[in-house]
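In what follows, a single structure is set out as structure tokens and then discussed.
Coordinate-derived values only; no laboratory data. Since the structure is predicted, the reported quantities are computational estimates derived from the model, not experimental observations. All Cβ positions, glycine included, derive from the backbone under ideal geometry; neighbour counts span all protein chains shown.
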Amino acid sequence: MRDPAPTVAGLDLGLEPLPGEVLHRAHADLRARGPLVPVPFFGTTALLVTRFDDVREAFRDDGALPGGPTYRETVEPIVGRTFISMDGREHRLYRKLATPAFQSGAIARFGERDLVVLVHELLDRFAARGTGDLVAELTGVLPYHAISRKLGIPRARDEDMRRWADRLLDPRDPRGAVAAAREFTDLLGPILRARRAEPTEDLLSALAHAEIDGERLADEEVLSHVRLLFAVGATTTSHAMGNLLSVLLARPELLARARSEPGLRPALVHELLRFEPPVANLPRLSTRPLRVAGEDVAPGTLLLLGIASANRDPATFADPDRYDPDRPPQDVLTFGFGAKYCPGAHLARRELLAALDAVLERLPGLRSTSEDGARPEGGTLRHPRALHAAWGPA
Ligand code: HEM
């Protein structure tokens with residue numbers, strides 16, 4: 001049985017900032033040491049799964065390594081009981097109810113009808129100014145408003161929802177999180193009652209009228225799922241959008257190509273998701289004896305699925321440390337794999353593209369003016385802190 005004793009002294013994948021290539025160099029070093037490597041993680045020790053095939057297999061075999069037990073400890077105390085902390089039949093039932101609104105057809109319609117309007121409304125607020133922090137103005141806002149719109153929450157409450165979602169997730173302020181959860185419920189309760197009485201086309205109506213074994217979801221079940229979408233859907237997409245603009249601002253020649261070759265933009269997004277995934281390492285707690293990467297792992301071991309490491313595994317990707325939108329498209333592990341594969345992947349990609357299109361159209365001559373904080377950082381959720389930029393004639 002593997003004894004998890006750390007081998008990489010001083011490098012905590014949960015606590016260190018690990019900006020830019022620092023994380024990726026550490027991952028390369030760890031990958032070279034083996035497929036399963038003990039690493040410090042938030043002051044304790046986790047076993048990092050370093051290689052693409054092993055990370056994919058760990059995601060795929062959710063019978064041996066289910067996600068539910070981990071999310072019952074991390075996400076459930078904040079948002080309530082939802083399908084992310086369930087496994088097996090229960091997971092399938094709830095997931096099926098909550099996710100049709102995120103399938104590709106529904107997202108294509110949402111993209112054309114709502115998303116384009118949303119993103120241009122945000123740019124209207126600051127484009128004429130000529131300078132700004134694209135995180136504060138755009139990437140940290142659009143994904144929250146997009147979820148509000150999908151749910152059918154009145155537009156006047158977009159900013160309230162975003163502030164509450166932010167507080168809900170602030171690990172430094174657990175009391176504030178509880179208060180935010182209550183305010184969230186106070187706002188959504190009356191809207192939910194209205195949708196129960198008179199459904200419209202939105203996701204909140206779909207959840208209000210969804211049934212499991214002939215019974216409607218209770219109010220708390222609906223509200224927990226709404227909190228979940230903000231908690232895991234808005235933050236991740238916001239971070240991915242920040243990473244996309246960060247990488248492009250650092251590569252003016254690619255920004256210029258993005259302007260002149262609109263057909264290249266989906267590849268710029270896909271390659272970004274490989275190169276700088278916003279969920280860089282994903283924890284999973286083992287609950288039974290299992291084998292990972294050919295080694296025995298004891299129950300109670302904290303595993304870290306190294307998504308960012310897998311996405312740069314040289315056994316799978318040629319020249320993996322190069323951000324290259326011209327490489328032939330290949331599957332990446334950014335959205336997971338198997339039963340818990342991210343149901344928001346279409347929405348996330350569509351939002352990234354909408355943001356890129358709008359930035360290119362509305363901010364001519366865009367260039368970075370950041371001194372620090374503009375590189376993606378973090379070993380779990382990964383994103384730039386700020387993206388100060390200027391635009392208009394250079
Ligand atoms: C770039 C943006 C995103 C990234 C990188 C991302 C990443 C992921 C990953 C890696 C998983 C698998 C977790 C696991 O296996 O334990 C996941 C699951 C999930 N994601 Fe996303 N996600 C993104 C956007 C979204 C959006 C926009 C939504 C919602 C609208 C969303 C909702 C969810 C939910 C509800 C789950 C749990 C699925 C389940 O338990 O079956 N995500 N996501």
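Computed from the Cβ-Cβ distance with R0 of 35 Å, the FRET efficiency linking R109 to R251 stands at 0.60. Would you work out if region 21-390 is rounded, prolate or oblate? Take a ≥ b ≥ c from the square roots of the eigenvalues of the alpha-carbon gyration tensor; rounded if a/c is under 1.5, else prolate when a/b is larger than b/c, oblate otherwise. Here region 21-390 falls in the oblate category.
Separation of region 313-376 and region 54-113 by C-alpha centroid, Å? Distance between centres, Cα-based: 22 Å. Look at the alpha carbon pairs under 8 Å that are at least 6 residues apart: their mean separation over the length of region 191-255 gives a relative contact order of 16 percent. When only C-alpha pairs under 8 Å and at least 6 residues apart count, what is the relative contact order of the chain, in percent? Once normalised by length, the contact order is 26 percent.
The trypsin sites (Lys or Arg not before Pro) of region 116-196 meeting both criteria, a DSSP state outside H, G, I, E and B (loop) and at most 10 other C-beta atoms within 10 angstrom of the site's C-beta, are R172. The 3J(HN,Hα) values that the Karplus relation (6.51, -1.76, 1.60; θ = phi - 60°) gives for region 109-122 are, in residue order, 5, 4, x, 6, 8, 10, 5, 4, 4, 4, 5, 6, 4, 5 Hz. Gly and Pro appear as x. If R0 is taken as 41 Å, the Cβ-Cβ distance between A194 and R172 corresponds to a FRET efficiency of 0.70. Counting 0.36 nm for each residue step from A315 to K96 and taking away their Cα separation leaves a gain of 75.3 nm. Loop exposure criterion: chymotrypsin sites (Phe, Trp or Tyr not before Pro), DSSP state outside H, G, I, E and B, at most 14 other Cβ atoms within 10 Å. Applied to the chain, the longest stretch between such sites is 43-340. Computed from backbone phi with θ = phi - 60° and the Karplus coefficients 6.51, -1.76 and 1.60, the 3J(HN,Hα) list for region 228-245 is 4, 4, 5, 5, 9, x, 6, 5, 4, 5, 4, 5, 5, 5, x, 5, 4, 5 Hz; x is used for glycine and proline. Taken about its Cα centre, the chain carries a charge dipole of about 300 debye when Lys and Arg each add +1 at the Cβ and Asp and Glu each add -1 at the Cβ. The dipole here belongs to region 123-277: it is taken about the Cα centre, uses +1 on the Cβ of Lys and Arg and -1 on the Cβ of Asp and Glu, and is about 440 debye.
Modelled spin labels at R125 and E159, positioned 7 Å past Cα toward Cβ, are 0.7 nm from each other.
Which is the longest run of the chain containing none of the GluC sites (Glu not before Pro) found in DSSP loop states (not H, G, I, E, B) with at most 14 other C-beta atoms within 10 Å? Result, exposed sites excluded: 1-200.
Applied to region 252-263, the Karplus parametrisation 6.51 cos²θ - 1.76 cosθ + 1.60 on θ = phi - 60° returns per-residue 3J(HN,Hα) values of x, 5, 6, 4, 5, 5, 4, 5, 8, 10, x, x Hz, with x for Gly and Pro.
Fewest neighbouring Cβ atoms within 10 Å first, the residues I78, I107 line up as I78, I107.
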